[in-house]
Every structure is written in C-alpha cells, then in structure tokens.
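Visitor: The structure under discussion is supplied below as structure tokens; questions concerning it will follow.
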Amino acid sequence: MRIAQLNNFITLNGGSETVMQNLTVLLEQHGHVVRNIGFHSLHNDQLMQNAVALGKEKYSVPGFFFNKKLVKQVVEKIREWKAELIICHNVYHKYPMADLLKTAEERIQCAIGNRVSRL
C-alpha cells in the first residue's frame, strides 16, 4: 500500500517526528511504501527518511484557519504520490485541517468514482 504521512515537520526534532519515523520503518518492514510530508524545522536539519518538503516552517495564525495555497500544495503532493492511505501526526499547528480534510475527501471520492467507472 502507498501511504502518505503528514506531520508539522519532516525533521527529527521531537516525539511526533520520532513516532512517524518509527512507524515508517515498521510499515516498510510489512511491505508498504511510505512518504513523509511536512516542513523543514528552522532549528534542525536532520531529515527523516522518505521526506517530502513543503518548505521551511511557517507560523501564521490566519493560516491555521484558512490557507488554500497550503491545502492545494499538500493535496497535490498526496495525489502525485497516489497515496492510498493518509496518516496525520501532530498537524493541528500548521495545517488548516478542515480545508485539508474536505479537499482530500473530495479528491478521494472523485478518484474512487473514476476507478469504479473504469472497471
């Protein structure tokens, strides 16, 4: 299975990143292919494996609630990867979650509909 993991960071600077990295190893041991999506930390340059960068970390209160550009960027990374499963870790600080989930759901339903019509 192709799995995308989404986190604030793709640099190893805390507990959620360590969990994400350990889960990557475990999933790959079971035959899954994983990509980890997040920001580069301003304080740490050590990337986790299979990292897909969204750029340097950003802090923006308005961006937490509404950021179409970021949602589009994340959804495009997930679509390019053709992820079958998305796992979110510690994302509430950086991503406008309502917009992200709504957009991902719309795109996934569309993809499922297209897949079914081709069968």
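Visitor: Report the gain in length on full extension from residue 69 to residue 85: 0.36 nm times residue separation, minus Cα-Cα distance, nm rounded to one decimal.
Guide: 3.6 nm
Visitor: Could I ask something else about it? Points 7 angstrom from Cα along the Cβ direction at residue 56 and residue 106: gap in nanometres?
Guide: 3.2 nm
Values in this text are rule-based calculations from the coordinates and carry no lab data. Please read these numbers as outputs of a predicted model, since none were measured by experiment. Cβ coordinates were reconstructed from backbone atoms using ideal geometry, including for glycine residues, and neighbour counts include every protein chain displayed.
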